[in-house]
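To keep things clear, I will list the structure first and then write my remarks on it.
The values are calculated or read from the model by the stated rules, or taken from the named source; none is laboratory data. Note that the coordinates shown come from a computational prediction; the quantities given were computed from them, not determined experimentally. Don't worry about glycine lacking a Cβ; one is built from the backbone with ideal geometry, like all the others, and counts go over all protein chains shown.
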Amino acid sequence: MSAEFQNTVTESEPTSTHAVVPVWLIVSVLVVAFWGAVYFDKRGGWFSPKVYGPYASIAEVEIYQPRQDEDVEIINRGRRTFDIVCSGCHSPDGMGKPNQAPPLAGSEWVQVEKPERMIRIPLYGLNGPITVKEQQMSFPAGMVAIGWDMPEDDLAAVLTYIRQAWGNKASRVTAQQVKAVKAEVGPRGPFTPEELMTVPAK
């Protein structure tokens, strides 16, 4: 075997060396891992099936549940009616939808002391620009009178649910109040926000 061939074999044999991982890469990985842990801790809900966006924890979900000092059956009845009749436009979380319906969560129209204004909206419908939470909104189709043919008990239950869900804190609506508004107003077309503002809120 020639010396030249031996030198070629020797040079081609693999060798092991030590590679140094850059410190910045280690720090970056640790920062990303820490940020991910914090993000999960705040928003993960710890895998609870009751926690999903936009809520981040069981405690936050409980804050936005209807008050439990009222008749639970009325609340549940109202929730079922809302899910079937109202959530398509106002969304299940009460936040409304652009060009369809305003938000109900935190709305001053929902949380007024006396519910007579609110009762008129599903009974007769609503047309025209409306200001909710200091934001003026316009809806091309307006709201139709979805509550006129609804049993008074069902309408009272869904309005009670709306007034006590998503952090709203307002009193119950009764079937007697719904009947009283029907008797006072009688048959008519949709209200405008300006007309509703003339109805006492306290």
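All of (1) surrounded by fewer than 18 Cβ atoms within 10 Å (Cβ to Cβ); (2) closer than 16 Å to THR198 by Cα hold for VAL144 with one exception: (2). Do we find that PRO98 is of a type outside the set (Lys, Arg) and either at pLDDT 95 or above or in contact with a Gly (Cβ under 7 Å, 6 or more places away or on another chain) (or both) in this structure? When the stated conditions are applied, PRO98 does not pass them.
Against the test of being buried (at least 20 other Cβ atoms within 10 Å of the Cβ), of a type outside the set (Ser, Thr, Tyr) and assigned to a loop (DSSP other than H, G, I, E, B), the options VAL173, VAL178 yield a single qualifying residue, VAL173.
Selection over segment 181-192 of residues that are assigned to a loop (DSSP other than H, G, I, E, B) and within 24 Å of PHE139 (Cβ to Cβ) gives a count of 5. Here LEU104 meets each of (1) part of a loop (DSSP other than H, G, I, E, B); (2) loosely packed, with under 15 Cβ neighbours inside 10 Å; (3) not hydroxyl-bearing (Ser, Thr, Tyr) with one exception, condition (2).
Which of the residues belonging to segment 78-106 are of a type in the set (Ser, Thr, Tyr) and touching a residue at least 60 places away in the same chain (Cβ under 8 Å)? Matches in segment 78-106: THR81 only. May I ask you to list the residues in segment 141-155 that are of a type in the set (A, V, I, L, M, F, W, C) and either part of a loop (DSSP other than H, G, I, E, B) or closer than 16 Å to VAL112 by Cβ (or both)? Those that are of a type in the set (A, V, I, L, M, F, W, C) and either part of a loop (DSSP other than H, G, I, E, B) or closer than 16 Å to VAL112 by Cβ (or both): ALA141, VAL144, ALA145, ILE146, TRP148, MET150.
Does GLY189 satisfy the criteria of being assigned by TED's automatic domain parsing to the domain that holds GLY78 and crowded, with 16+ Cβ neighbours inside 10 Å? Judged against the criteria, GLY189 is not a match.
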